[in-house]
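Below you'll find the structure, written out as structure tokens, and then a few comments.
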Amino acid sequence: MKQAVILAAGEGQRLRPFTATKPKVMLTIADKPILGYVIESLAKNGIRKIVLVVGYRKEQVFDYFGSGEQLGVEITYITQERQLGTAHALAQAKSAVEAEFLALPGDNLIEAATIARFANLKPNAVLVKRVDNPIRYGVVNIEKGTVKGIVEKPRETSNNVINTGIYALTREIFDFIEPELDIPDVLNKMLAQGRIIRASETDGTWLDIVYPWDILNLNDRVLRQITASLGGTIEAGVAVKGTVVVGKDTVIRSNSYIAGPVVIGSGCDIGPNVCIQSATSIGDNVVIAPFTQIKNSVIGDDVNLGPGCVIQDSVIDKGVVIQGNFTAFSSQTEVKVDDEYHQVTVGAMLGEGCRLSHGVVAHPGAIIGNYCQIQAMKQISGRLPDRSLVI
Amino acid sequence: MCGIVGYIGDKQAQPVLLDCLSLLEYRGYDSCGIAVSSRSIEVYKDAIRVAALKKAAPKLSGKIGIGHTRWATHGAPSQLNAHPHLDCTGRIAVVHNGIINNYQQLREQLIGEGHSFTSETDTEVIPHLIEKHYQGDIIKAVEAALAEIDGSYAIIVMVAGEPRLVAARKDSPMVIGIGDREKFIASDVPAILNFTNRVIYLEDGDIGVITADSVKVKQHQAEVTRTENKISWTIEDAQKSGYEHFMLKEIHEQPRVIRDTLAGWMSAPEPILDLEAVRDNGAEAMLMLACGTSYHAALVGKYIVQELLKIPVRAELASEFNYYGQALAGTMAIVLTQSGETADTLRAMKRLKEAGCRVVAITNVVGSTASRIADQTIYTRAGPEISVAATKSFIAQLMALYWIMLSYAKIDASRLSSLTAELRQLPSKVQEVLDNQDRIAECAKYLAGFKDVFFMGRGINYPVALEGALKLKEISYLHAEGYAAGELKHGPFALLGSKTPVVAIVAQDNTHEPIVTSIKEIKARHSPVLAVVPEGDDSVEELADSVIVVPQVEPLFSPVVNTVALQLLAYYTALQRGCPIDFPRNLAKSVTVE
């Protein structure tokens, strides 16, 4: 297989606030969007012809990936004007695909090994995986290595083999798409008409991202794989332990303590006396003032953290400005998303461009929308809509 | 980034190479060159653009050749540093895209072995290494040479008298185009798409041996098959990486340009410019000169300097200054030119130097003429700008002015630190403007229905009104005029009416009240008003016909977000009117005539 169609048009509603201004595939983990990891895994398997189906906020995908040259791939962009479904997205790419191709989502984290064997299979085939919570996914019924049917989000099932959304296909699928909108429905139709679809199981990394705190799981997983490299300026008296990446033009000032795995982007100004613990990702152009401690968190580009902050198990999106003494402590808590309650251990989730004055305390599980403004000494909890004002 | 090409076949190589090179100029254009081989190798190269090389080059005869267009990394753009590079014998020619990390060490070693170098480039070690290993088999020599290199490369090697080219890549792109009895090699597919749509992609570590009739590819000395692909898309699609126009691509690059530009400067231990050194005799005045969009940056610069350095500034059009302007010896002068080749600006620089002034150039092109004349040069890191309408280079110029002046600001420490922190926020703020493009496109649809448009601003946003009007007229062909808000009543009011919309830039500084008053006066003349307003300011909500909200920033930085909003407004107006956005009629990217 030499070509892959990556579906990168989706918005990711349940991930709000983080997807209000960017497509789901551009969520950044360890200073790189998820889609970047997907393309790298394909390139490592010799798949260098990439068709990207883009839609929601597509300019951010264009701007980051360009022609694909940086990653050593050749990208063709196809726009899906309205995000109607995966099969609809694939149909848009009809003019750009060859006889055989892979189709896969751009917002699930995969490693090169996950698809190494699959990439050489003859179509049609589906990559499947065993998971603990199959009812969130499409469950695949398999007999002697071939697919018998795919059941989307079953109420209950004893089968824990699910569809990863990674397919090896031929152009024949285009004859079956209309009027279906999602690929599993199309495959079921193909099965009904006697086509054979094989199932190939992987035990490699395949991580889905559905809720905001999933960003932390992905971050943790990615950071375990990094190779240390120290760019920029690291002043005397900085302790660097474990695997740490520091980008160019970043300055880390005296008496800071960095315990990897940690990734710090380029152009940052950190310290003196800042403590960054595992597993933390920090974007580009981030300023962190003295006596701030960050642990197991993801900090976006252009963030400015004032002195004396404590940030645990939290996600702070790009452009957030915090004047100082912000506390986002972690604890087990119940978080409501789309009327469902989830038991999770998290700190706070802050959308982009928020401005927090001094001494704000965020309760565990607080989800703060984009561009909120919070005045000094406030406690915040629960869910704040975008552009809220807390006074 | 650089671009490379190669040709072998039954045509004369020179015109093919030049055609391909002109399509690679988006990868860099500070110098270029070609080499053509028959029995011996003839090279023509210079620090000029491909179009100029086309005119200047003598006819080189031969059906095998290589070419290169350069964006300087190691060594300034000059004739000597331009590719192709030769070995000592002049029989091996190489073009290269990439960076060789261990070139210093290889160079010293080769010099020790008696090789002589003519350029400052990292590339030149390659032909000499090949020469060193050459014992009749060019492929073995290239393999041995590459084994010594640490870095990234796409190279094409040509040997005098040999009817083949050798190509190799690692971490830099390369494709081979297949024709009947001819083959093409290039950094990317668009460069050769005028000749063939059948291509082979080389993989990292591949070495290709290309003759007019065959392509053989080896990886780790074993022959491998690389399949042929048919290309179905067009040249322009590829270079614009998904965007409909270069202008939109460049507008969207701006958050990154700001971030990259500031990162390099902010982390540097020294200020990027030694302003004291250009302040002879403690001169307490400054002169800024530029043309076109750069002149608008100079006008914004005037306000920045006055606010931060508290010294008087003159900002002048270089084209006017050349005919009457006086420069006092010892005046600090800053000139701004994206290309570094603007003829009027260059002439003004020479006059300033003659008058005994110290001149600082702010330019986007490394080694351009402006940088050679100037006493000090600041490079904006905007990357190649293709669209004739300047966007990202303007924003990068503003960043240079902000950062220089903040380094020497005579303001209290707390304001300085809050300004510096705010400056770092600009990439996100500009992204916020871009995220609002659907709303701006709606306003543009409305604007596209008129024939004449006024732009008005005040204070530091007066130049932004000029820039907004310039963008609109150059790409959408609408008649547009930028005015200082206070000046509308001195004449232009006579033109106002329901068919002349006014784009008003509302800032949250001491100009806020007079601007609101101006809007009221304009509304009294029934002109539609489109207001660009910072978030949270609802003072004109009732007055204006429509509003574009931009993020709130420190007023000193408001030109950045306001200009980006007006760039998008001009872009979508032109799109609505079906204009050829990237290449407007009668205009050229860099004006090298006076």
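Throughout, read-outs are computed from the coordinates displayed, never taken from laboratory work. Note that this is a predicted model, so its numbers are computed, not measured. Neighbour counts are summed over all protein chains in view; Cβ atoms, including those assigned to glycine, are modelled from backbone coordinates with ideal geometry.
With N residues in chain A, what two-decimal value do you get for its Cα radius of gyration over 2.2 N^0.38 Å?
Working it through for chain A, the quotient is 1.03.
I need two numbers for the stretch B:134-207: Rg to one decimal and Dmax as a whole number, Cα atoms only, in Å.
13.0, 37
Between A:122, A:58, A:22, find the one with the highest GNM mean-square fluctuation for chain A; connect C-alpha pairs within less than 10 Å.
A:122
When DSSP beta bridges are limited to those with both residues in the stretch B:285-427, what percentage is antiparallel, rounded to the nearest 5?
0
Suppose the chain between residue B:495 and residue B:11 were pulled fully straight at 0.36 nm per residue; how much longer would it get relative to their current alpha carbon spacing?
Gain on extension, residue B:495 to residue B:11, equals 168.1 nm.
Quick check: the angle from helix B:558-576's long axis to the longest principal axis of chain B, C-alpha only, nearest 10 degrees?
Here the helix axis deviates by roughly 70 degrees.
Give, as a single signed number, the net charge of other residues whose beta carbon lies under 12 Å from the beta carbon of residue B:223, with Lys and Arg counted +1 and Asp and Glu -1.
Once all neighbours under 12 Å are counted, the net charge is +2.
Amide H of residue A:148 versus every other amide H placed in the peptide plane: which residues, excluding those fewer than 5 positions away on the same chain, fall under 5 Å?
A:141, A:142, A:143
Taking R0 as 35 Å, what's the FRET efficiency between residue A:257 and residue A:44 from their Cβ-Cβ distance, rounded to 0.05?
In this case the efficiency is close to 0.55.
With n ≥ 4 as the cut-off for DSSP H runs, can you work out [θ] at 222 nm for the protein assembly as shown, using -39500 (n - 2.57) per run divided by the number of residues, rounded to the nearest 500?
Result for the protein assembly as shown: -8000 deg cm²/dmol, rounded to the nearest 500.
Would you please give the residues with an amide H less than 5 Å from that of residue A:390, counting only those at least 5 places away or on a separate chain, with H modeled from the backbone geometry?
A:373, A:374, A:375
Once both labels are modelled 7 Å past Cα along the beta-carbon direction, what's the residue B:116-residue A:178 spacing in nm?
Once both label points are built, they end up 7.3 nm from each other.
Pick out, from A:103, A:193, A:51, the residue whose Cα sits farthest towards the positive end of the charge dipole of chain A, with +1 on the Cβ of Lys and Arg and -1 on the Cβ of Asp and Glu.
Farthest towards the positive end: A:193.
If you place +1 on the Cβ of every Lys and Arg, -1 on the Cβ of every Asp and Glu, and leave all else neutral, what size is the dipole of the protein assembly as shown about its Cα centre, to the nearest 20 Debye?
Using Cβ point charges on Lys, Arg, Asp and Glu, the protein assembly as shown gives about 940 debye.
Decide, for chain B, between rounded, prolate and oblate: order the square roots of the alpha carbon gyration tensor eigenvalues as a ≥ b ≥ c, take rounded if a/c falls under 1.5, and otherwise choose prolate if a/b is larger than b/c, else oblate.
prolate
With unit charges on the beta carbon (Lys/Arg positive, Asp/Glu negative), name the residue among A:170, A:142, A:93 whose Cα is farthest towards the positive pole of the charge dipole of the stretch A:3-210.
After comparing all options, I get A:142.
Fully extended, how many nm does the chain gain between residue B:477 and residue B:198 (0.36 nm per residue separation, minus their Cα-Cα distance)?
Extra length available between residue B:477 and residue B:198 comes to 96.5 nm.
Using only the alpha-carbon atoms, what does the protein assembly as shown span along each of its principal axes? Please give whole angstrom values in decreasing order.
84, 78, 63
Bin width 10 Å, origin at 0, all Cα-Cα pairs of the stretch B:3-239: what percent of pairs per bin?
For the stretch B:3-239, the pair-distance distribution reads 8, 37, 40, 14, 1, 0.
Starting from the Cα gyration tensor of the stretch B:434-584, multiply each eigenvalue by 5, take the square root, and state the resulting semi-axes largest first in whole Å.
21, 18, 14
Which of A:198, B:70, A:82 has the fewest other C-beta atoms within 10 Å, and how do the rest follow up to the most?
So the residues, fewest neighbours to most, are A:82, A:198, B:70.
By the gyration tensor of its Cα atoms, with a ≥ b ≥ c the square roots of the eigenvalues, what is the shape of the stretch B:13-145: rounded for a/c under 1.5, prolate for a/b over b/c, or oblate?
Oblate.
Which order do A:266, A:95, A:331 fall in if you start with the one that has the fewest other Cβ atoms within 10 Å?
The most exposed by this proxy come first: A:95, A:331, A:266.
Pull out the extension gain between residue A:84 and residue A:160, defined as 0.36 nm times the separation in residues minus the alpha carbon to alpha carbon distance; nm, one decimal.
In short, 24.6 nm is gained.
Over all directions, the average projected area of the alpha-carbon convex hull for the stretch A:3-210 comes to how many nm²?
Result: a mean projected hull area of 11.1 nm².
For an R0 of 56 angstrom, estimate the FRET efficiency from the Cβ-Cβ distance between residue B:535 and residue B:272 and round to the nearest 0.05.
0.95
What is the sum of charges around residue B:128, taking Lys and Arg as +1, Asp and Glu as -1, for the other residues whose C-beta is under 13 Å from the C-beta of residue B:128?
Taking every other residue near residue B:128 into account, the sum is -4.
For the pairs A:22/B:249; A:49/A:148; B:63/B:170; A:122/A:189; A:248/B:471, note any where the Cα-Cα span goes beyond 23 Å.
A:49/A:148; B:63/B:170; A:248/B:471
Take chain A, connect every pair of alpha-carbon atoms lying under 10 Å apart with a spring to form a Gaussian network, then pick out the residue of A:359, A:347, A:283 with the largest mean-square fluctuation.
A:359
Using unit Cβ charges (K, R positive; D, E negative) and no other charged atoms, how large, in debye to the nearest 20, is the dipole of the stretch A:191-238 about its Cα centre?
So the dipole magnitude of the stretch A:191-238 works out to roughly 280 debye.
Could you work out how far apart the two model spin labels at residue B:39 and residue B:416 are, taking each label as a point 7 Å from the Cα in the direction of the beta carbon, and quote it in nm?
In this crude label model, residue B:39 to residue B:416 measures out at 7.1 nm.
Which of B:494, B:536, B:562 sits closest to the plus end of the dipole of the stretch B:434-584, meaning its Cα is farthest towards the positive end, when Lys and Arg get +1 and Asp and Glu get -1 on the C-beta?
My answer, from the dipole projection, is B:494.
Once you list every other residue whose beta carbon is under 12 Å from the beta carbon of residue B:116, what net charge do they have if Lys and Arg are +1 and Asp and Glu are -1?
That works out to -3.
Take the Cα gyration tensor of the stretch A:227-390, multiply each eigenvalue by 5, square-root it, and list the three semi-axes largest first, rounded to whole angstrom.
For the stretch A:227-390, the semi-axes come out at 27, 16, 13 Å.
Using a simple charge model, +1 on the beta-carbon of Lys and Arg, -1 on the beta-carbon of Asp and Glu, nothing else, what dipole does the stretch B:1-86 show about its Cα centre, in debye to the nearest 20?
Result for the stretch B:1-86 is approximately 140 debye, rounded to the nearest 20.
Nearest 5 percent is fine: what portion of the DSSP beta bridges confined to the stretch A:227-390 is antiparallel?
Antiparallel: roughly 10 percent of the beta bridges in the stretch A:227-390.
How would B:323, B:134, B:477, B:29 line up from fewest to most surrounding beta-carbon atoms within 10 angstrom?
B:323, B:477, B:134, B:29
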